[in-house]
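*Asks:* For reference, the structure I am asking about is given below.
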Amino acid sequence: MQAQQHVHIRAKWLPFGIALLFLIGFCGIAIKVWEAGAWIQAFDEHVITFVRKLEGPSMTAAMKGITHVGDSWPVVGIGAIVLVVLTLLRYRMELLFFIVVNGGSAWLNSILKQLFQRARPVGDRLVEAGGYSFPSGHSMAAFTLYGVTGYLLWKHMKHRGSRTLLAVVGTLLVVMIGLSRIYVGVHYPSDVAGAYMASGAWLCAAIGFFRLRQAYLGR
C-alpha cells in the first residue's frame with residue numbers, strides 16, 4: 001500500500017521534474033546566446049555545416065514543404081480540428097487545457113524574442129521570415145501543438161504499440177520542422193534547441209498542473 005502511494009506521488013510530480021530539466025537546459029542555451037560566446041557560435045557552425053551537406057533539389061523541396069507545416073495557417077488548422085473534436089466529445093477540461101497550453105506557448109515565444117532580440121542568420125534564405133531569431137517560433141509551436149495533442153491522445157490509448165507509434169511520429173514531426181528551419185536558412189541551431197527547451201519546460205509544467213487539477217477533481 002505504501003509502495004503504491006509512493007509511486008503515485010512520484011508520478012504526480014514527475015512532469016514538474018522534467019520541466020525543471022528543460023528549464024535548466026533553456027537557461028544554459030539562453031546565457032550562451034546572450035553572451036554570443038565562442039561555444040554557441042561553434043555549435044551553430046558545426047550543425048549548419050552538417051545540414052548543408054544534405055543539400056540537394058529533392059531535399060530542398062522536402063524541407064520547404066516540412067517548414068510550411070509549422071507556418072501559422074497549418075498550425076491553426078490542426079489546432080482547430082483538435083478543438084472541434086474536444087468540443088464534440090465534451091472534454092471541457094481538455095479543451096481549456098489545449099487552448100491555454102498553445103496560447104501560452106505563443107505568448108512565451110513572443111516575450112523571449114523581444115527579450116533576446118537576436119538577428120536572424122545572414123545569407124541566402126530559401127523562405128522569407130521576419131522578426132527575431134531566438135527562440136524559433138515554428139519549433140516552439142510544433143513542440144507544443146504536437147506535444148499536447150500527443151499527451152491527450154496518449155491518455156486514451158491503451159495499446160503499447162499505438163502509444164509507441166504516436167510518440168515516434170510526434171517526435172519526428174517536431175525534429176523535422178526544427179531541422180527544416182535550419183536548412184532553409186532562417187534560424188541558427190541554437191534557436192531551435194532553445195525553442196525545444198522552452199516549450200518543453202512550459203508543456204511539462206502545464207501537464208503537471210493539469211494532472212494535479214484532475215486528481216483534485218477525482219478524474
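Values quoted throughout were computed directly from the atomic coordinates according to the rules given, and no laboratory measurement underlies them. The structure presented is a predicted model; accordingly, all values stated were derived computationally and were not measured. Cβ coordinates were reconstructed from backbone atoms using ideal geometry, including for glycine residues, and neighbour counts include every protein chain displayed.
*Asks:* Going by how many other beta carbons lie within 10 Å of each one, how would you line up I81, I177, fewest first?
*Replies:* Placing the least packed residue first, the sequence is I81, I177.
*Asks:* Could I ask something else about it? First check a/c for region 1-121, with a ≥ b ≥ c the square roots of the eigenvalues of its C-alpha gyration tensor; if it is under 1.5, answer rounded, and if not, answer prolate when a/b is larger than b/c or oblate otherwise. Intermediate results must be reported in sequence, preceding the final value.
*Replies:* Numbers: a/c = 2.02, a/b = 1.31, b/c = 1.54.
Since a/c reaches 1.5 but b/c is at least a/b, the shape of region 1-121 is classed as oblate.
*Asks:* Now, a different point. Please work out how much length the chain gains when fully extended from L172 to T49, using 0.36 nm per residue of separation minus the C-alpha to C-alpha distance, in nm with one decimal.
*Replies:* Numbers: separation 123, 0.36 × 123 = 44.28 nm, distance 2.13 nm.
Full-extension gain reported as 42.1 nm.
*Asks:* Turning to a different aspect of this structure: Below 8 Å between Cα atoms, with a sequence gap of 6+, how large is the relative contact order for the chain in percent? Provide the component values of the computation, followed by the final result.
*Replies:* Details: 224 pairs, mean separation 79.0, N = 219.
Reported relative contact order: 36 percent.
*Asks:* Could you give the size of the charge dipole of the chain about its Cα centre, using +1 on the Cβ of each K and R and -1 on the Cβ of each D and E, expressed in debye and rounded to the nearest 20? The partial results should precede the final answer.
*Replies:* Working: 20 positive and 9 negative charges, 198 e Å.
Computed charge dipole of the chain: roughly 960 debye.
*Asks:* Counting Lys +1, Arg +1, Asp -1, Glu -1, what net charge surrounds V184 among other residues with beta carbon under 9 Å of its beta carbon?
*Replies:* +3
*Asks:* Hand me the trypsin sites (Lys or Arg not before Pro) from region 40-131 located in a DSSP loop with no more than 13 other Cβ atoms within 10 Å, in residue order please. All intermediate terms of the calculation are to be shown ahead of the outcome.
*Replies:* Values: sites: R52, K53, K64, R90, R92, K113, R118, R125; in loops: K53, R90, R118, R125.
In loop regions of region 40-131 (DSSP not H, G, I, E or B), the sparsely surrounded trypsin sites (Lys or Arg not before Pro) are K53, R90, R125.
*Asks:* Please report, ordered by residue number, every helix of the chain (full DSSP H runs) that is 18 Å or longer along its axis going by C-alpha atoms and whose mean Kyte-Doolittle hydropathy reaches 0.5. It would help to have the intermediate numbers written out before the result.
*Replies:* On the way: long enough: 2-35 (49 Å, 0.79); 38-52 (21 Å, 0.45); 57-69 (19 Å, 0.37); 72-88 (24 Å, 2.26); 92-116 (36 Å, 0.91); 137-155 (27 Å, 0.52); 160-183 (34 Å, 1.23); 189-217 (42 Å, 0.65).
Those that clear 18 Å and a mean of 0.5 are 2-35, 72-88, 92-116, 137-155, 160-183, 189-217.
*Asks:* Could you list the trypsin sites (Lys or Arg not before Pro) in region 131-213 that lie in coil according to DSSP, counting only those with at most 15 other Cβ atoms within 10 Å of their Cβ?
*Replies:* Numbers: sites: K155, K158, R160, R163, R181, R211, R213; in loops: K158.
Here the trypsin sites (Lys or Arg not before Pro) that fit, given the DSSP loop and packing criteria, are K158.
*Asks:* Go ahead and estimate [θ] at 222 nm for the chain from helices alone: -39,500 (n - 2.57) per DSSP H run with n ≥ 4, summed, over the residue count, rounded to 500.
*Replies:* Details: 8 runs with 176 residues, N = 219.
Theoretical 222 nm ellipticity from helices: -28000 deg cm²/dmol.
*Asks:* Give the lysines reachable from K32 as a straight Cα distance under 17 Å; neighbours fewer than 8 places away on the same chain don't count.
*Replies:* Partners within reach: K113.
*Asks:* Identify, among F134, V122, V69, the residue whose Cα sits farthest towards the positive end of the charge dipole of region 1-217, taking +1 on the Cβ of Lys and Arg and -1 on the Cβ of Asp and Glu, with the dipole about the Cα centre.
*Replies:* The Cα lying farthest towards the positive end belongs to V69.
*Asks:* Which residue, G131, G79, G178, has the most motion in a Gaussian network model of the chain that connects Cα atoms within less than 10 Å?
*Replies:* Comparing G131, G79, G178 in the GNM, the peak value goes to G131.
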